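All remarks here apply to the structure that follows.
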Amino acid sequence: MTVVPPSFDLLPGDPASPVILHVPHSAREIPADARSGIVLDDPALERELDHITDAHTATIAEEAARTAGVTPWRFVNRLSRLVVDPERFPDEREEMMAVGMGAVYTRTTHKDVLRPDGFDAGPLVERYFHPYAQAMTEAVTDRLAATGRCVIVDVHSYPTAPLPYELHGTGPRPEVCLGTDPFHTPPALLEAAREAFAKCGETGLDSPFAGTYVPLKHYGERAEVTALMVEIRRDTYMTEPGGPAHEGVTRLASALASLVDAV
(Lines give C-alpha, C1' and ligand atoms only; values in the text may rest on other atoms or scores of the structure.)
Protein backbone atom coordinates (compact mmCIF):
# COMPACT_ATOMS: atom_id res chain seq x y z
CA MET A 1 0.00 0.00 0.00
CA THR A 2 1.32 3.42 -1.00
CA VAL A 3 1.72 5.85 1.90
CA VAL A 4 0.16 9.19 0.99
CA PRO A 5 2.23 12.06 2.39
CA PRO A 6 0.53 14.94 4.19
CA SER A 7 -1.11 17.27 1.70
CA PHE A 8 0.14 20.41 3.47
CA ASP A 9 2.12 21.66 6.44
CA LEU A 10 1.33 24.59 8.71
CA LEU A 11 4.72 25.59 10.12
CA PRO A 12 4.26 27.78 13.22
CA GLY A 13 5.86 31.18 13.50
CA ASP A 14 6.00 33.71 16.28
CA PRO A 15 2.67 33.86 18.14
CA ALA A 16 2.67 37.62 17.64
CA SER A 17 3.21 37.46 13.86
CA PRO A 18 0.21 38.18 11.61
CA VAL A 19 2.08 36.98 8.51
CA ILE A 20 1.45 33.70 6.69
CA LEU A 21 3.81 32.84 3.83
CA HIS A 22 1.68 30.67 1.56
CA VAL A 23 3.60 28.33 -0.78
CA PRO A 24 1.08 26.41 -2.91
CA HIS A 25 3.01 25.28 -5.99
CA SER A 26 6.54 24.27 -4.92
CA ALA A 27 6.17 20.48 -4.69
CA ARG A 28 6.41 17.68 -7.27
CA GLU A 29 4.93 14.82 -5.25
CA ILE A 30 1.96 13.01 -6.83
CA PRO A 31 0.37 10.18 -4.81
CA ALA A 32 -0.78 7.02 -6.53
CA ASP A 33 -4.49 7.86 -6.49
CA ALA A 34 -3.81 11.04 -8.44
CA ARG A 35 -1.14 9.55 -10.73
CA SER A 36 -3.53 6.87 -11.96
CA GLY A 37 -5.73 9.47 -13.68
CA ILE A 38 -2.87 11.18 -15.55
CA VAL A 39 -2.31 9.89 -19.09
CA LEU A 40 1.31 11.08 -19.50
CA ASP A 41 4.07 8.50 -19.28
CA ASP A 42 6.71 9.02 -16.60
CA PRO A 43 9.25 10.99 -18.73
CA ALA A 44 6.51 13.28 -20.08
CA LEU A 45 5.15 13.81 -16.58
CA GLU A 46 8.60 14.79 -15.32
CA ARG A 47 8.90 17.34 -18.14
CA GLU A 48 5.48 18.75 -17.27
CA LEU A 49 6.48 19.02 -13.61
CA ASP A 50 9.60 20.95 -14.69
CA HIS A 51 7.38 23.55 -16.37
CA ILE A 52 4.45 23.76 -13.93
CA THR A 53 6.23 23.60 -10.56
CA ASP A 54 7.30 26.80 -8.77
CA ALA A 55 10.59 25.12 -7.93
CA HIS A 56 12.52 26.16 -4.82
CA THR A 57 9.86 28.63 -3.63
CA ALA A 58 9.48 26.64 -0.41
CA THR A 59 13.22 27.11 0.14
CA ILE A 60 12.94 30.86 -0.44
CA ALA A 61 10.10 31.06 2.10
CA GLU A 62 12.00 28.90 4.58
CA GLU A 63 15.12 31.06 4.39
CA ALA A 64 13.01 34.21 4.70
CA ALA A 65 11.27 32.84 7.78
CA ARG A 66 14.59 31.92 9.36
CA THR A 67 16.12 35.37 8.85
CA ALA A 68 13.10 37.59 9.52
CA GLY A 69 13.14 39.59 12.75
CA VAL A 70 9.76 38.10 13.73
CA THR A 71 9.24 34.60 12.36
CA PRO A 72 6.21 34.38 10.05
CA TRP A 73 3.96 31.36 9.82
CA ARG A 74 4.22 29.19 6.70
CA PHE A 75 1.51 27.19 4.96
CA VAL A 76 3.17 24.88 2.44
CA ASN A 77 1.55 22.54 -0.07
CA ARG A 78 3.46 19.24 0.00
CA LEU A 79 1.83 17.85 -3.15
CA SER A 80 2.11 18.95 -6.76
CA ARG A 81 -0.47 21.32 -8.18
CA LEU A 82 -1.12 18.52 -10.70
CA VAL A 83 -2.99 16.75 -7.88
CA VAL A 84 -5.20 19.75 -7.14
CA ASP A 85 -4.47 23.44 -7.44
CA PRO A 86 -5.57 24.91 -4.10
CA GLU A 87 -5.69 28.44 -5.50
CA ARG A 88 -8.29 27.75 -8.18
CA PHE A 89 -12.04 27.97 -7.79
CA PRO A 90 -13.44 24.41 -7.91
CA ASP A 91 -16.31 25.48 -10.19
CA GLU A 92 -17.27 27.62 -13.19
CA ARG A 93 -16.00 30.83 -11.53
CA GLU A 94 -12.46 29.79 -12.45
CA GLU A 95 -11.27 31.47 -15.67
CA MET A 96 -8.48 28.90 -16.09
CA MET A 97 -11.15 26.28 -16.82
CA ALA A 98 -10.94 27.68 -20.36
CA VAL A 99 -7.52 26.01 -20.77
CA GLY A 100 -8.25 22.90 -18.73
CA MET A 101 -6.65 24.21 -15.56
CA GLY A 102 -9.36 24.50 -12.95
CA ALA A 103 -8.90 23.00 -9.51
CA VAL A 104 -8.01 19.69 -11.17
CA TYR A 105 -6.03 20.11 -14.39
CA THR A 106 -7.02 18.22 -17.55
CA ARG A 107 -4.49 19.88 -19.85
CA THR A 108 -0.76 20.56 -19.61
CA THR A 109 1.19 23.80 -19.87
CA HIS A 110 1.46 23.09 -23.62
CA LYS A 111 -2.28 22.30 -23.92
CA ASP A 112 -1.76 18.57 -24.32
CA VAL A 113 -4.06 16.05 -22.63
CA LEU A 114 -3.18 15.50 -18.97
CA ARG A 115 -6.39 13.74 -17.92
CA PRO A 116 -9.02 12.36 -20.32
CA ASP A 117 -12.21 14.20 -21.23
CA GLY A 118 -14.95 13.41 -18.75
CA PHE A 119 -12.51 12.81 -15.91
CA ASP A 120 -14.31 12.88 -12.55
CA ALA A 121 -12.45 15.45 -10.46
CA GLY A 122 -14.76 15.00 -7.49
CA PRO A 123 -12.70 12.49 -5.50
CA LEU A 124 -9.52 14.58 -5.77
CA VAL A 125 -11.40 17.74 -4.79
CA GLU A 126 -12.89 16.01 -1.76
CA ARG A 127 -9.69 14.33 -0.64
CA TYR A 128 -7.23 17.17 -1.21
CA PHE A 129 -8.82 20.51 -2.19
CA HIS A 130 -11.43 20.94 0.53
CA PRO A 131 -9.20 19.91 3.47
CA TYR A 132 -6.49 22.28 2.24
CA ALA A 133 -8.94 25.17 1.93
CA GLN A 134 -10.36 24.45 5.38
CA ALA A 135 -6.92 24.32 7.00
CA MET A 136 -5.84 27.57 5.34
CA THR A 137 -9.09 29.23 6.46
CA GLU A 138 -8.43 28.10 10.03
CA ALA A 139 -4.84 29.35 9.88
CA VAL A 140 -6.00 32.80 8.80
CA THR A 141 -8.77 32.86 11.40
CA ASP A 142 -6.23 31.93 14.06
CA ARG A 143 -3.95 34.84 13.10
CA LEU A 144 -6.94 37.18 13.21
CA ALA A 145 -7.82 35.98 16.70
CA ALA A 146 -4.24 36.22 17.92
CA THR A 147 -3.16 39.53 16.37
CA GLY A 148 -6.29 41.25 15.08
CA ARG A 149 -5.15 40.95 11.48
CA CYS A 150 -3.58 38.58 8.97
CA VAL A 151 -1.17 39.26 6.11
CA ILE A 152 -1.05 36.52 3.46
CA VAL A 153 2.00 36.61 1.20
CA ASP A 154 1.70 34.12 -1.66
CA VAL A 155 5.12 32.91 -2.86
CA HIS A 156 5.16 31.85 -6.52
CA SER A 157 7.44 31.80 -9.55
CA TYR A 158 6.95 31.94 -13.30
CA PRO A 159 9.03 31.12 -16.39
CA THR A 160 11.05 33.71 -18.26
CA ALA A 161 9.24 32.91 -21.52
CA PRO A 162 5.44 32.52 -21.59
CA LEU A 163 3.98 29.03 -21.81
CA PRO A 164 1.08 28.22 -24.15
CA TYR A 165 -1.47 27.85 -21.34
CA GLU A 166 -1.05 31.42 -20.07
CA LEU A 167 -4.15 33.55 -20.63
CA HIS A 168 -2.29 36.82 -20.16
CA GLY A 169 1.21 35.97 -21.32
CA THR A 170 1.74 38.90 -23.70
CA GLY A 171 2.36 41.57 -21.03
CA PRO A 172 5.50 42.53 -19.13
CA ARG A 173 7.50 39.82 -17.34
CA PRO A 174 9.54 41.71 -14.72
CA GLU A 175 11.91 40.05 -12.27
CA VAL A 176 9.20 40.29 -9.60
CA CYS A 177 5.49 40.54 -10.36
CA LEU A 178 3.24 41.68 -7.52
CA GLY A 179 -0.31 40.35 -7.75
CA THR A 180 -2.97 42.41 -6.01
CA ASP A 181 -6.63 42.44 -5.04
CA PRO A 182 -8.60 45.70 -4.94
CA PHE A 183 -10.08 44.90 -1.51
CA HIS A 184 -7.31 42.97 0.22
CA THR A 185 -4.13 44.68 -1.01
CA PRO A 186 -3.80 48.09 0.67
CA PRO A 187 -1.35 50.65 -0.76
CA ALA A 188 0.97 50.35 2.26
CA LEU A 189 1.44 46.59 1.68
CA LEU A 190 2.15 47.10 -2.01
CA GLU A 191 4.64 49.87 -1.30
CA ALA A 192 6.41 47.75 1.30
CA ALA A 193 6.78 44.96 -1.26
CA ARG A 194 8.12 47.29 -3.94
CA GLU A 195 10.70 48.62 -1.51
CA ALA A 196 11.69 45.15 -0.25
CA PHE A 197 12.15 43.68 -3.73
CA ALA A 198 13.79 46.72 -5.35
CA LYS A 199 17.20 45.07 -4.87
CA CYS A 200 16.04 42.07 -6.93
CA GLY A 201 15.36 43.97 -10.16
CA GLU A 202 12.28 45.47 -11.71
CA THR A 203 8.97 45.00 -9.91
CA GLY A 204 5.75 45.04 -11.90
CA LEU A 205 2.05 44.89 -11.11
CA ASP A 206 -0.38 42.11 -12.05
CA SER A 207 1.51 40.99 -15.17
CA PRO A 208 1.86 38.27 -16.28
CA PHE A 209 -0.20 37.02 -13.31
CA ALA A 210 -2.75 38.98 -11.32
CA GLY A 211 -4.70 38.65 -8.10
CA THR A 212 -3.93 37.04 -4.78
CA TYR A 213 -5.24 34.29 -2.54
CA VAL A 214 -7.65 34.82 0.35
CA PRO A 215 -9.83 32.03 1.79
CA LEU A 216 -13.40 32.42 0.57
CA LYS A 217 -14.75 32.82 4.12
CA HIS A 218 -12.84 36.08 4.41
CA TYR A 219 -12.69 37.17 0.76
CA GLY A 220 -14.33 40.55 0.30
CA GLU A 221 -15.52 40.44 3.91
CA ARG A 222 -12.61 41.08 6.27
CA ALA A 223 -10.39 44.06 5.48
CA GLU A 224 -8.15 42.94 8.35
CA VAL A 225 -7.05 40.13 6.03
CA THR A 226 -4.57 41.66 3.60
CA ALA A 227 -2.87 39.76 0.83
CA LEU A 228 -0.23 40.02 -1.86
CA MET A 229 1.04 37.56 -4.46
CA VAL A 230 4.80 37.59 -5.08
CA GLU A 231 5.62 36.05 -8.48
CA ILE A 232 9.38 35.64 -9.02
CA ARG A 233 10.78 35.21 -12.53
CA ARG A 234 12.63 31.91 -12.47
CA ASP A 235 15.81 32.97 -14.22
CA THR A 236 16.55 35.21 -11.22
CA TYR A 237 17.20 32.20 -8.97
CA MET A 238 17.32 28.90 -10.90
CA THR A 239 18.13 27.11 -14.15
CA GLU A 240 15.00 26.67 -16.26
CA PRO A 241 13.03 24.51 -16.59
CA GLY A 242 13.10 22.53 -13.37
CA GLY A 243 16.83 22.88 -12.75
CA PRO A 244 18.89 23.68 -9.68
CA ALA A 245 18.73 26.90 -7.71
CA HIS A 246 21.60 29.38 -7.67
CA GLU A 247 22.71 32.28 -5.50
CA GLY A 248 19.63 34.31 -6.39
CA VAL A 249 17.70 32.34 -3.77
CA THR A 250 19.57 34.11 -0.96
CA ARG A 251 18.89 37.56 -2.40
CA LEU A 252 15.20 36.84 -2.86
CA ALA A 253 14.85 35.27 0.59
CA SER A 254 16.43 38.37 2.09
CA ALA A 255 13.98 40.58 0.23
CA LEU A 256 11.04 38.46 1.36
CA ALA A 257 12.28 38.64 4.96
CA SER A 258 12.44 42.42 4.61
CA LEU A 259 8.81 42.45 3.48
CA VAL A 260 7.79 40.25 6.41
CA ASP A 261 9.48 42.62 8.84
CA ALA A 262 7.95 45.69 7.19
CA VAL A 263 4.37 44.48 7.59
Checklist entry - Looking at segment 157-178, is at least one residue surrounded by fewer than 17 Cβ atoms within 10 Å (Cβ to Cβ), of a type outside the set (Ser, Thr, Tyr), modelled with pLDDT of 95 or more and closer than 21 Å to Val23 by Cβ? => result yes
Checklist entry - In segment 154-207, what residues are without any contact (Cβ under 8 Å) to a residue 40 or more places away in the chain, not small (Gly, Ala, Ser) and not in a strand (DSSP E or B)? => result Thr170, Pro172, Pro182, Pro187, Leu190, Glu191, Arg194, Glu202, Asp206
Checklist outcome for this item: Expected single match for outside any loop (DSSP other than H, G, I, E, B) and open to solvent by 60 Å² or more (accessible area, probe 1.4 Å) among Thr226, Thr250 is Thr250
Checklist entry - Given Val151, Val140, Val125, which one is more than 22 Å from Asp50 (Cβ to Cβ) and assigned to a strand (DSSP E or B)? => result Val151
Item to check | Options Glu62, Glu87; residue that is under 21 Å from Tyr128 (Cβ atoms) and either buried (at least 22 other Cβ atoms within 10 Å of the Cβ) or not aliphatic (A, V, I, L, M) (or both) | outcome: Glu87
Checklist entry - Which ones in segment 203-223 are open to solvent by less than 40 Å² (accessible area, probe 1.4 Å) and of a type in the set (A, V, I, L, M, F, W, C)? => result Val214
Next on the checklist: Name the residue that is farthest from the chain's Cα centre (by Cα), counting only residues in segment 127-156 that are of a type in the set (Asp, Glu) and open to solvent by 30 Å² or more (accessible area, probe 1.4 Å).
Outcome noted: Asp142
Checklist entry - Do any helices (runs of 4 or more DSSP H) lying entirely in segment 1-90 carry at least 3 residues that are hydroxyl-bearing (Ser, Thr, Tyr), and which ones are they? => result 57-67
Checklist entry - Taking only pairs six or more apart or across chains, which ones have beta-carbon atoms under 6 Å, a first residue in segment 124-145 that is in contact (Cβ under 8 Å) with a residue 40 or more places away in the chain, and a second residue that is polar (S, T, N, Q) and open to solvent by less than 50 Å² (accessible area, probe 1.4 Å)? => result Tyr128/Ser7; Tyr132/Ser7
Checklist entry - Does any residue of segment 220-228 turn out to be touching a strand residue (DSSP E or B) at 6+ places or on another chain (Cβ under 8 Å), farther than 26 Å from Glu138 by Cβ and not β-branched (Val, Ile, Thr)? => result no
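The values are calculated or read from the model by the stated rules, or taken from the named source; none is laboratory data. Computed from a prediction, not measured in an experiment: that's the story for all the values here. All Cβ positions, even for glycine, are placed from backbone atoms using ideal geometry, and neighbour counts span all protein chains on display. Keep in mind that these areas ignore ligands, DNA and RNA; they rest on the heavy atoms of the full protein, side chains included. Shrake-Rupley method; radii C 1.70, N 1.55, O 1.52, S 1.80 Å.
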